[in-house]
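Undergrad: One structure is given below, represented as C-alpha coordinates, and several questions about it will come after.
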Amino acid sequence: MYKGRFAPSPTGPLHFGSLVAALASYLDARAAGGEWIVRMEDVDTPRSAPNADINILQTLEAFGFQWSAPVVYQGQRTEMYRAALERLKKHGVAYACSCSRREAGAGIYPGTCREGAQNAERPLAWRIRTDGLTAAFEDRVFGHYRQHLARDVGDFVVLRSDGLFAYQLAVVVDDAAQRITDVVRGADLLDSTPRQLYLQHLLQLPRPRYLHVPVVTNEAGEKLSKQTFAPTLNARDRIGELRAALRFLGQPDQEGATPSAVLQAATIAWNPQAIPRRVSATRE
Ligand code: GLU
(Lines give C-alpha, C1' and ligand atoms only; values in the text may rest on other atoms or scores of the structure.)
Protein backbone atom coordinates (compact mmCIF):
# COMPACT_ATOMS: atom_id res chain seq x y z
CA MET A 1 0.00 0.00 0.00
CA TYR A 2 1.41 3.35 -1.08
CA LYS A 3 2.15 5.77 1.76
CA GLY A 4 3.55 9.21 1.09
CA ARG A 5 4.40 12.21 3.22
CA PHE A 6 4.97 15.92 3.27
CA ALA A 7 7.65 16.86 5.76
CA PRO A 8 7.88 20.62 6.26
CA SER A 9 10.34 22.20 8.66
CA PRO A 10 8.28 24.62 10.77
CA THR A 11 10.58 27.59 10.29
CA GLY A 12 7.91 29.91 8.91
CA PRO A 13 4.73 30.03 6.83
CA LEU A 14 4.35 27.96 3.67
CA HIS A 15 5.55 29.60 0.45
CA PHE A 16 5.11 28.65 -3.17
CA GLY A 17 8.07 26.22 -3.03
CA SER A 18 6.57 24.28 -0.14
CA LEU A 19 3.18 24.26 -1.87
CA VAL A 20 4.81 22.58 -4.89
CA ALA A 21 6.39 19.91 -2.67
CA ALA A 22 3.14 19.33 -0.77
CA LEU A 23 1.16 19.15 -3.99
CA ALA A 24 3.50 16.70 -5.73
CA SER A 25 3.57 14.32 -2.77
CA TYR A 26 -0.19 14.59 -2.27
CA LEU A 27 -1.14 13.98 -5.89
CA ASP A 28 1.29 11.10 -6.28
CA ALA A 29 -0.16 9.41 -3.17
CA ARG A 30 -3.78 10.04 -4.06
CA ALA A 31 -3.35 8.98 -7.69
CA ALA A 32 -1.94 5.69 -6.41
CA GLY A 33 -4.92 5.26 -4.08
CA GLY A 34 -2.52 5.63 -1.17
CA GLU A 35 -2.27 7.43 2.14
CA TRP A 36 -0.65 10.80 2.69
CA ILE A 37 0.62 12.12 5.99
CA VAL A 38 2.25 15.28 7.29
CA ARG A 39 5.34 15.16 9.49
CA MET A 40 6.72 18.24 11.22
CA GLU A 41 10.48 18.20 10.86
CA ASP A 42 11.32 20.19 13.94
CA VAL A 43 14.53 18.34 14.91
CA ASP A 44 16.45 21.56 14.47
CA THR A 45 14.59 23.23 17.34
CA PRO A 46 16.54 26.51 17.29
CA ARG A 47 15.32 27.08 13.72
CA SER A 48 11.65 26.37 14.51
CA ALA A 49 9.40 29.42 14.67
CA PRO A 50 6.66 29.64 17.32
CA ASN A 51 3.30 28.46 15.94
CA ALA A 52 4.74 27.91 12.46
CA ASP A 53 3.44 24.33 12.68
CA ILE A 54 -0.14 25.45 13.35
CA ASN A 55 0.12 28.02 10.59
CA ILE A 56 1.37 25.40 8.10
CA LEU A 57 -1.39 22.94 8.97
CA GLN A 58 -4.08 25.62 8.69
CA THR A 59 -2.72 26.67 5.32
CA LEU A 60 -2.64 23.08 4.05
CA GLU A 61 -6.22 22.61 5.18
CA ALA A 62 -7.34 25.82 3.50
CA PHE A 63 -5.67 24.64 0.28
CA GLY A 64 -7.78 21.47 0.39
CA PHE A 65 -5.17 18.98 1.60
CA GLN A 66 -6.32 16.15 3.83
CA TRP A 67 -3.98 13.90 5.78
CA SER A 68 -4.87 10.45 6.96
CA ALA A 69 -3.22 10.28 10.39
CA PRO A 70 -2.33 12.63 13.25
CA VAL A 71 0.68 14.85 12.52
CA VAL A 72 3.93 13.53 13.97
CA TYR A 73 6.60 15.86 15.39
CA GLN A 74 10.26 14.92 15.15
CA GLY A 75 10.93 16.85 18.34
CA GLN A 76 9.06 14.12 20.22
CA ARG A 77 10.99 11.22 18.73
CA THR A 78 14.46 11.73 20.15
CA GLU A 79 14.46 8.30 21.80
CA MET A 80 14.04 6.58 18.45
CA TYR A 81 16.92 8.56 16.96
CA ARG A 82 19.07 7.76 19.99
CA ALA A 83 18.35 4.04 19.60
CA ALA A 84 19.31 4.24 15.91
CA LEU A 85 22.57 5.98 16.82
CA GLU A 86 23.33 3.24 19.36
CA ARG A 87 22.90 0.64 16.62
CA LEU A 88 25.24 2.58 14.35
CA LYS A 89 27.81 2.74 17.15
CA LYS A 90 27.55 -1.02 17.68
CA HIS A 91 28.10 -1.48 13.99
CA GLY A 92 31.42 0.36 14.36
CA VAL A 93 30.55 2.93 11.67
CA ALA A 94 29.92 5.90 13.97
CA TYR A 95 32.65 7.82 15.71
CA ALA A 96 32.76 10.77 18.10
CA CYS A 97 34.16 14.00 16.79
CA SER A 98 35.32 17.00 18.82
CA CYS A 99 36.18 19.28 15.92
CA SER A 100 34.82 22.79 15.99
CA ARG A 101 33.13 24.07 12.88
CA ARG A 102 36.35 25.74 11.85
CA GLU A 103 38.44 22.62 12.44
CA ALA A 104 35.99 20.46 10.51
CA GLY A 105 36.24 22.86 7.58
CA ALA A 106 33.59 23.87 5.08
CA GLY A 107 34.23 21.05 2.62
CA ILE A 108 34.72 17.31 3.07
CA TYR A 109 35.57 16.47 6.68
CA PRO A 110 39.29 15.59 6.76
CA GLY A 111 38.74 12.67 9.15
CA THR A 112 40.69 14.21 12.05
CA CYS A 113 38.75 12.31 14.76
CA ARG A 114 38.47 8.97 12.93
CA GLU A 115 40.90 7.25 15.28
CA GLY A 116 39.52 8.98 18.38
CA ALA A 117 38.13 12.37 19.36
CA GLN A 118 41.01 14.84 19.56
CA ASN A 119 39.62 16.67 22.55
CA ALA A 120 37.21 14.60 24.63
CA GLU A 121 36.45 17.56 26.90
CA ARG A 122 34.54 19.36 24.21
CA PRO A 123 30.94 18.47 23.39
CA LEU A 124 31.04 15.62 20.91
CA ALA A 125 29.29 15.19 17.60
CA TRP A 126 28.87 11.75 16.05
CA ARG A 127 29.83 11.08 12.48
CA ILE A 128 29.37 8.17 10.09
CA ARG A 129 32.38 6.75 8.29
CA THR A 130 31.91 6.79 4.54
CA ASP A 131 35.11 5.02 3.43
CA GLY A 132 35.14 4.16 -0.28
CA LEU A 133 31.40 3.84 -0.64
CA THR A 134 29.24 4.60 -3.61
CA ALA A 135 25.45 4.76 -3.28
CA ALA A 136 23.04 4.80 -6.22
CA PHE A 137 19.31 4.76 -6.79
CA GLU A 138 16.72 5.24 -9.52
CA ASP A 139 14.84 8.47 -9.10
CA ARG A 140 11.43 8.52 -10.77
CA VAL A 141 12.17 11.88 -12.38
CA PHE A 142 15.96 12.12 -12.53
CA GLY A 143 16.66 8.47 -13.35
CA HIS A 144 19.91 6.87 -12.27
CA TYR A 145 21.63 8.91 -9.56
CA ARG A 146 24.98 7.96 -8.17
CA GLN A 147 27.22 9.47 -5.54
CA HIS A 148 30.63 8.59 -4.22
CA LEU A 149 29.94 9.18 -0.55
CA ALA A 150 33.51 9.57 0.64
CA ARG A 151 34.55 11.88 -2.17
CA ASP A 152 31.37 13.94 -2.59
CA VAL A 153 30.11 14.16 0.99
CA GLY A 154 32.61 12.69 3.44
CA ASP A 155 32.00 11.44 6.98
CA PHE A 156 28.71 13.10 7.91
CA VAL A 157 27.20 14.15 11.21
CA VAL A 158 24.21 12.27 12.66
CA LEU A 159 24.28 13.81 16.15
CA ARG A 160 25.42 17.40 16.41
CA SER A 161 27.66 18.63 19.19
CA ASP A 162 24.75 20.74 20.49
CA GLY A 163 22.89 17.49 21.19
CA LEU A 164 20.45 17.71 18.29
CA PHE A 165 20.05 14.85 15.86
CA ALA A 166 20.77 15.65 12.25
CA TYR A 167 18.05 15.68 9.62
CA GLN A 168 19.74 12.77 7.72
CA LEU A 169 19.25 10.36 10.61
CA ALA A 170 15.83 11.60 11.73
CA VAL A 171 14.33 11.39 8.24
CA VAL A 172 15.53 7.81 7.73
CA VAL A 173 14.23 6.63 11.10
CA ASP A 174 10.88 8.35 10.57
CA ASP A 175 10.30 7.25 6.99
CA ALA A 176 10.83 3.66 8.14
CA ALA A 177 8.81 3.97 11.37
CA GLN A 178 5.92 5.52 9.45
CA ARG A 179 6.20 2.90 6.71
CA ILE A 180 6.62 5.46 3.97
CA THR A 181 6.81 3.70 0.59
CA ASP A 182 7.34 6.81 -1.55
CA VAL A 183 9.33 9.94 -0.84
CA VAL A 184 8.33 12.85 -3.06
CA ARG A 185 10.22 16.09 -2.29
CA GLY A 186 12.36 18.90 -3.64
CA ALA A 187 15.42 18.17 -5.77
CA ASP A 188 17.59 20.15 -3.35
CA LEU A 189 17.56 16.88 -1.40
CA LEU A 190 18.73 14.68 -4.30
CA ASP A 191 22.28 14.79 -3.01
CA SER A 192 21.13 13.92 0.53
CA THR A 193 19.43 10.75 -0.67
CA PRO A 194 22.61 8.60 -0.95
CA ARG A 195 23.44 9.37 2.72
CA GLN A 196 19.92 8.31 3.61
CA LEU A 197 20.23 5.11 1.58
CA TYR A 198 23.45 4.32 3.37
CA LEU A 199 21.84 4.81 6.79
CA GLN A 200 18.89 2.63 5.71
CA HIS A 201 21.35 -0.05 4.71
CA LEU A 202 23.25 0.14 8.00
CA LEU A 203 20.07 0.11 10.07
CA GLN A 204 18.49 -2.59 7.90
CA LEU A 205 15.50 -0.46 7.08
CA PRO A 206 13.44 -0.73 3.89
CA ARG A 207 14.25 1.66 1.05
CA PRO A 208 11.36 3.76 -0.24
CA ARG A 209 11.02 4.85 -3.87
CA TYR A 210 12.14 8.42 -4.55
CA LEU A 211 10.77 11.16 -6.76
CA HIS A 212 12.38 14.58 -6.69
CA VAL A 213 10.67 17.64 -8.14
CA PRO A 214 12.37 20.89 -9.19
CA VAL A 215 12.75 23.41 -6.39
CA VAL A 216 11.38 26.89 -6.84
CA THR A 217 14.00 29.60 -6.94
CA ASN A 218 13.69 33.38 -7.00
CA GLU A 219 15.10 35.62 -9.73
CA ALA A 220 18.50 35.51 -8.03
CA GLY A 221 18.49 31.70 -8.32
CA GLU A 222 18.05 31.17 -4.58
CA LYS A 223 15.68 28.52 -3.22
CA LEU A 224 12.53 30.11 -1.82
CA SER A 225 12.78 30.02 1.95
CA LYS A 226 12.41 32.14 5.00
CA GLN A 227 16.08 33.13 4.68
CA THR A 228 15.52 34.43 1.16
CA PHE A 229 12.33 36.25 2.21
CA ALA A 230 9.98 34.14 0.13
CA PRO A 231 6.52 35.72 -0.03
CA THR A 232 3.76 33.79 1.74
CA LEU A 233 1.06 32.14 -0.34
CA ASN A 234 -1.78 34.31 -1.51
CA ALA A 235 -4.67 33.24 0.74
CA ARG A 236 -7.13 35.21 -1.40
CA ASP A 237 -6.35 33.24 -4.51
CA ARG A 238 -5.80 29.66 -3.40
CA ILE A 239 -7.03 28.23 -6.67
CA GLY A 240 -4.68 30.47 -8.63
CA GLU A 241 -1.74 29.37 -6.42
CA LEU A 242 -2.65 25.69 -6.88
CA ARG A 243 -2.92 26.11 -10.64
CA ALA A 244 0.46 27.84 -10.76
CA ALA A 245 1.95 24.96 -8.76
CA LEU A 246 0.40 22.46 -11.19
CA ARG A 247 1.92 24.31 -14.14
CA PHE A 248 5.27 24.37 -12.37
CA LEU A 249 5.05 20.57 -12.14
CA GLY A 250 4.26 20.25 -15.85
CA GLN A 251 0.69 19.14 -15.15
CA PRO A 252 -2.40 20.13 -17.12
CA ASP A 253 -4.30 23.18 -15.94
CA GLN A 254 -7.47 22.47 -13.91
CA GLU A 255 -10.72 24.27 -13.40
CA GLY A 256 -12.48 23.99 -10.08
CA ALA A 257 -14.77 25.95 -7.81
CA THR A 258 -12.82 25.12 -4.66
CA PRO A 259 -9.24 24.11 -3.84
CA SER A 260 -10.47 20.55 -3.08
CA ALA A 261 -12.12 20.33 -6.48
CA VAL A 262 -8.88 21.42 -8.17
CA LEU A 263 -6.96 18.81 -6.18
CA GLN A 264 -9.44 16.14 -7.12
CA ALA A 265 -9.23 16.93 -10.83
CA ALA A 266 -5.43 17.18 -10.64
CA THR A 267 -5.26 13.75 -8.97
CA ILE A 268 -7.07 12.15 -11.88
CA ALA A 269 -4.80 13.89 -14.39
CA TRP A 270 -1.57 13.35 -12.40
CA ASN A 271 1.30 12.45 -14.71
CA PRO A 272 4.71 12.20 -13.02
CA GLN A 273 6.35 11.71 -16.42
CA ALA A 274 5.51 15.32 -17.27
CA ILE A 275 7.47 16.73 -14.30
CA PRO A 276 10.39 18.76 -15.69
CA ARG A 277 13.71 17.06 -15.13
CA ARG A 278 15.39 20.11 -13.66
CA VAL A 279 16.88 20.69 -10.25
CA SER A 280 15.35 24.16 -10.03
CA ALA A 281 13.21 26.67 -11.87
CA THR A 282 11.60 30.03 -11.19
CA ARG A 283 7.89 30.52 -10.84
CA GLU A 284 6.52 31.75 -14.16
N1 GLU B 1 12.09 19.00 6.12
C2 GLU B 1 12.71 19.09 4.84
C3 GLU B 1 12.48 20.47 4.26
O4 GLU B 1 11.57 21.16 4.67
C5 GLU B 1 12.16 18.07 3.86
C6 GLU B 1 12.68 16.73 4.16
C7 GLU B 1 12.22 15.61 3.27
O8 GLU B 1 11.21 15.73 2.56
O9 GLU B 1 12.88 14.56 3.33
O10 GLU B 1 13.23 20.86 3.38
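Undergrad: At 37 °C and 0.692 mPa s, what whole-number value in µm²/s does Stokes-Einstein give for the translational diffusion of region 21-162, with Rh from the Kirkwood sum over Cα pairs?
TA: Answer, rounded: 179 µm²/s.
Undergrad: While we're on this one: With a probe of 1.4 Å, find how much accessible area region 173-284 has per residue, and write the answer as a whole number in Å².
TA: Heavy-atom accessible area per residue stands at 50 Å².
Undergrad: By what distance, in whole Å, do the Cα atoms of region 6-86 stretch along each of the three principal axes, largest value first?
TA: 38, 28, 20
Undergrad: Taking 0.36 nm per residue of separation and subtracting the Cα-Cα distance, what length does fully extending Lys89 through Asp162 add?
TA: Full extension of this stretch gives 24.4 nm more.
Undergrad: Name every cysteine in the chain that ends up alone, with no second cysteine's Cβ under 4.7 Å, or say none.
TA: So, Cys99.
Undergrad: Hey, could you pull the Cα Rg and Dmax for the chain, both in Å?
TA: 19.4, 63
Undergrad: Considering amide H positions built from the backbone, and no H for Pro or chain starts, which residues 5 or more places from Asp155, or on another chain, come under 5 Å of its amide H?
TA: Amide H to amide H, under 5 Å and 5 or more residues apart or across chains, Asp155 pairs with Tyr109, Thr130.
Undergrad: Determine one quarter of the surface area of the Cα convex hull of region 133-284, which equals its mean projected area, and express it in nm² to one decimal.
TA: 11.1 nm²
Undergrad: So what's the projected area for region 106-169, the Cα convex hull averaged over all directions, in nm²? Can you show the working numbers first?
TA: On the way: hull surface 21.7 nm².
Over every viewing direction, the Cα hull of region 106-169 projects on average to 5.4 nm².
Undergrad: Next up: Mean residue ellipticity at 222 nm from the helices of the chain, using -39,500 (n - 2.57) per DSSP H segment of n ≥ 4 over the full residue count, to the nearest 500 deg cm²/dmol?
TA: My calculation for the chain gives -9000 deg cm²/dmol from helical runs alone.
Undergrad: Further question on the same structure: Just the number, please: carbon plus sulfur as a percent of the accessible area of region 219-284, 1.4 Å probe, no ligands or DNA/RNA counted.
TA: Carbon plus sulfur share of accessible area: 49 percent.
Undergrad: Can you pull the semi-axes for region 72-121, root of five times each eigenvalue of the Cα gyration tensor, sorted largest first, whole Å? List each step's numbers first, then the result.
TA: On the way: eigenvalues 121, 45, 21 Å².
The three semi-axes for region 72-121 are 25, 15, 10 Å.
Undergrad: Separate question: I want the local charge near Glu35. Using Cβ-Cβ distances under 12 Å, sum +1 for each Lys or Arg and -1 for each Asp or Glu among the other residues.
TA: +2
Undergrad: Compute the signed sum of charges (Lys and Arg +1, Asp and Glu -1) over the other residues within less than 13 Å, Cβ to Cβ, of Pro214.
TA: Surrounding charge for Pro214 is +3.
Undergrad: Moving on. Angle between the Cα long axis of helix 238-248 and the longest principal axis of the chain, 0 to 90 degrees, nearest 10?
TA: Helix 238-248 sits at roughly 60 degrees to that axis.
Undergrad: Just the number, please: percent antiparallel of the DSSP beta bridges in the chain, rounded to the nearest 5.
TA: Values: 16 of 32 bridges.
Looking only at bridges with both residues in the chain, the antiparallel portion is about 50 percent.
Undergrad: While we're looking at this one, here's another question. Percent of accessible area on region 6-58 owned by carbon and sulfur, 1.4 Å probe?
TA: 51 percent
The values are calculated or read from the model by the stated rules, or taken from the named source; none is laboratory data. Model, not experiment: these values are computed from the prediction. Backbone-built Cβ (ideal geometry, glycine too); neighbour counts: all protein chains shown. Each accessible area value is taken on the protein alone, full model and side chains, heavy atoms only, with ligands, DNA and RNA left out. Shrake-Rupley method; radii C 1.70, N 1.55, O 1.52, S 1.80 Å.
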